[in-house]
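Below: one structure, written as structure tokens.
The values are calculated or read from the model by the stated rules, or taken from the named source; none is laboratory data. Please read these numbers as outputs of a predicted model, since none were measured by experiment. Positions of Cβ are backbone-derived with ideal geometry, glycine not excepted, and every protein chain shown enters the neighbour counts.
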Amino acid sequence: MTLPEVVPRPLRARWLLPFVAVAVGFALWQGTRGLHWRELRPGVEFTSLSGDPYCRLGSSAVAVLRFDPHRIRLRVHHYSHEGAERPPSIIEWQRATGALAVFNAGQYYPNWKYMGLLVSGGDTISSRTHAGYQAALVARGSAKNFAARIVDLSRSRLTPRSGWTDVAQSFMLFDRAGVLRVRHSQRIANRTIVAEDRRGRLVVLVTEGSYTLAEFATLLQRSPLQLTQAMSMDGGIESELVVQSGSFRYASFGRWLREHEPDAPGARVPLPAVITLAAE
């Protein structure tokens, strides 16, 4: 969605360069014969997936971050719960949290309020559920006893007894029966998707280029990732991912559809809600 202009602190170009270099390197390194995983630490690994022939604009590379939700903690954050006066950029979120990975959460209104149910650390940030959003990314964690999953709200209900301390509601891309849960459309944008695979691992996918939702769902279902269900978070210029683990860095920033726009404008876009991954 289009956001009102916010003037954040200027970013240092030299801080962005390592991310840009790694992003380009992974796009070139990704082959067509299979996925080449890089373990970032026990329980989390990274690769790049080619989105051809479904990519409509820009780079066809898709960043893929796969993790064991019992070893890596997933948390939901909203700037109003962090004592921030304004929504930070994704780079500012990563600096503030020190997380291994940060990506954008679901959609929100122009006044920064989340569209749907949002719970952070047991505190309800947005209590109003969105009737049209039938998926929720849920998590809990304490004393290294972590868990996270996708809940299909057309089949299950979230109740206080569920025990989930972090919840981000959005919409299903496809369900466990393989049924597409979005309409066919010619609308293209950068995409952020969270999926589950057959082993119960969670997979975060962020595109460097633009896709329709239906075609991106087809790409994922035909990929070697063995995904069982997937949900879509916010897309467009807000579709972003920053990964930092030791010497490894990767970043993908959403772009406007107009190719004459400056590089990586999304690096400066304020994000009121994000998801973080950490090995705690």
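Taking into account only those residues within region 142-179 that are of a type in the set (Lys, Arg) and outside any loop (DSSP other than H, G, I, E, B), which is surrounded by the fewest Cβ atoms within 10 Å (Cβ to Cβ)? Taking the candidates together, the pick is 161. Taken over region 207-256, the criterion of being charged (D, E, K, R), in contact with a helix residue (DSSP H, G or I) (Cβ under 6 Å, 6 or more places away or on another chain) and part of a loop (DSSP other than H, G, I, E, B) is satisfied by 240 alone.
Taking residues in region 222-240 that are closer than 21 Å to residue 34 by Cβ, and partners anywhere that are outside any strand (DSSP E or B) and of a type in the set (S, T, N, Q), the pairs with Cβ atoms closer than 9 Å and at least 6 places apart or on different chains are 227/221; 230/221. In the set (1) closer than 26 Å to residue 172 by Cβ; (2) at pLDDT 95 or above; (3) out of contact with any Leu (no Cβ under 6 Å at 6 or more places or on another chain); (4) outside any strand (DSSP E or B), residue 94 fails one condition alone, (1). Taken over region 185-201, the criterion of being assigned to a strand (DSSP E or B) and farther than 17 Å from residue 242 by Cβ is satisfied by 189, 195, 196, 197. Scanning region 266-280 for residues that are not β-branched (Val, Ile, Thr) and not in a helix (DSSP H, G or I) gives 270, 271, 272, 273, 277, 278, 279, 280. Which of the residues belonging to region 127-141 are in contact (Cβ under 8 Å) with a residue 24 or more places away in the chain and surrounded by 12 or more Cβ atoms within 10 Å (Cβ to Cβ)? Correct list: 129, 130, 133, 134, 135, 136, 137, 138, 139, 140, 141.
Considering region 85-108, and only residues there that are surrounded by fewer than 16 Cβ atoms within 10 Å (Cβ to Cβ) and touching a residue at least 40 places away in the same chain (Cβ under 8 Å), the residue that is farthest from residue 231 (Cα to Cα) turns out to be 86.
Can residue 194 be described as at pLDDT 95 or above and within 22 Å of residue 43 (Cα to Cα)? Yes.
Just to be sure before I move on: is residue 134 at pLDDT below 95 and of a type outside the set (A, V, I, L, M, F, W, C) in the structure I sent? So residue 134 does not fit the description; no. Just name the residue that is farthest from residue 159 (Cα to Cα) out of those in region 108-121 that are in a loop (DSSP other than H, G, I, E, B) and in contact with a strand residue (DSSP E or B) (Cβ under 8 Å, 6 or more places away or on another chain). The selected residue is 113.
Being touching a residue at least 40 places away in the same chain (Cβ under 8 Å), touching a helix residue (DSSP H, G or I) at 6+ places or on another chain (Cβ under 8 Å) and not in a helix (DSSP H, G or I) holds for only one residue in 204, 182, and it is 182. Residue 166 passes every criterion in (1) farther than 22 Å from residue 224 by Cβ; (2) free of Cβ contacts under 8 Å to residues at least 40 places away in the same chain apart from (2). Among the residues of region 95-147, those that are closer than 23 Å to residue 191 by Cβ and touching a helix residue (DSSP H, G or I) at 6+ places or on another chain (Cβ under 7 Å) comprise 102, 104. Does residue 76 satisfy the criteria of being touching a residue at least 60 places away in the same chain (Cβ under 8 Å), in contact with an Asp or Glu (Cβ under 7 Å, 6 or more places away or on another chain) and not acidic (Asp, Glu)? Yes, satisfied.
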